[in-house]
Amino acid sequence: FDETYELTKRALRYGLTTPIDKDELLREKRTRALELLRPSGISQDQAIRLWTTFGEEYLLRCKPEEIALQTMLFKDFDITADETLVDIQDSKATAGTNAFIYAPQKQFTFALATAALDEFGLSITDARIIPLANEHSLSMYTILEQDGKAINDEPRREKIRQRLARAI
């Protein structure tokens, strides 16, 4: 909601005939994500190198908070290896629980992930799959319990994470 509000406010300020400059938006997202990363010990060079690998589409489709959180996930992960990274965390930005998957593109991640999430009776309220230049993809799902609430039980989140990792 906050991102929609900010984009609407910007559109009203500059007028609908003046589109948001892509380079300006990328610069703002990078700057905000780097601010959020300062306490993590990840250097600006490390972050920018990772974001360069992920490409502009990733930065455009994610919020700075998501970019920072996901960058922290890759702090000790070798993206050149043909391995999968799966993480599940609560998110204030999406008012749900986020499942994040980094995997080789050949693994049909969407079908496998949605089937695994269905086994737990979860609702998927948002799904973003971003293909990367290194033949991997980033898949991000916002998931909720059947009652519409985030998954608050840590052991349940861990079971879901393990099931996704096995499936993919």
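The values are calculated or read from the model by the stated rules, or taken from the named source; none is laboratory data. Note that this is a predicted model, so its numbers are computed, not measured. Glycine gets a Cβ as well: all are built from the backbone with ideal geometry, and neighbour counts include every protein chain shown. Ligands, DNA and RNA are excluded from the accessible area calculation, which covers all protein heavy atoms including side chains. Shrake-Rupley method; radii C 1.70, N 1.55, O 1.52, S 1.80 Å.
Modelled this way, with points 7 Å down the Cα-to-C-beta line, the labels at Leu36 and Arg166 are 3.2 nm from one another. Take the alpha carbon gyration tensor of region 88-151, find the square roots of its eigenvalues, order them as a ≥ b ≥ c, and report rounded if a/c is under 1.5; if not, report prolate when a/b exceeds b/c, else oblate. Oblate is the answer for region 88-151, as a/c is 1.5 or above yet b/c matches or exceeds a/b. At R0 = 22 Å, how high is the FRET efficiency between Arg156 and Arg128 if r is their beta carbon distance? Nearest 0.05 is fine. The calculated FRET efficiency here is 0.45. Counting only protein heavy atoms, what percent of the accessible surface of the chain is carbon or sulfur at a 1.4 Å probe? Carbon and sulfur: 52 percent of the exposed surface of the chain. Spacing of the modelled spin labels on Thr52 and Gln105, each 7 Å from Cα toward Cβ, amounts to 2.1 nm.
Loop-located GluC sites (Glu not before Pro) across region 96-168 with a Cβ neighbour count of 12 or fewer within 10 Å are Glu135, with loop assigned by DSSP.
Taking the helices alone, the chain has a mean residue ellipticity at 222 nm of -15000 deg cm²/dmol, built from -39,500 (n - 2.57) per DSSP H run of at least 4 residues and averaged over all its residues.
Among the listed values (i) 17.0; (ii) 18.2; (iii) 15.4, the one matching Kirkwood radius over Cα pairs in Å as calculated from this structure is (i). The mean sequence separation of alpha-carbon pairs under 8 Å and at least six residues apart, normalised by the residue count of the chain, gives a relative contact order of 20 percent.
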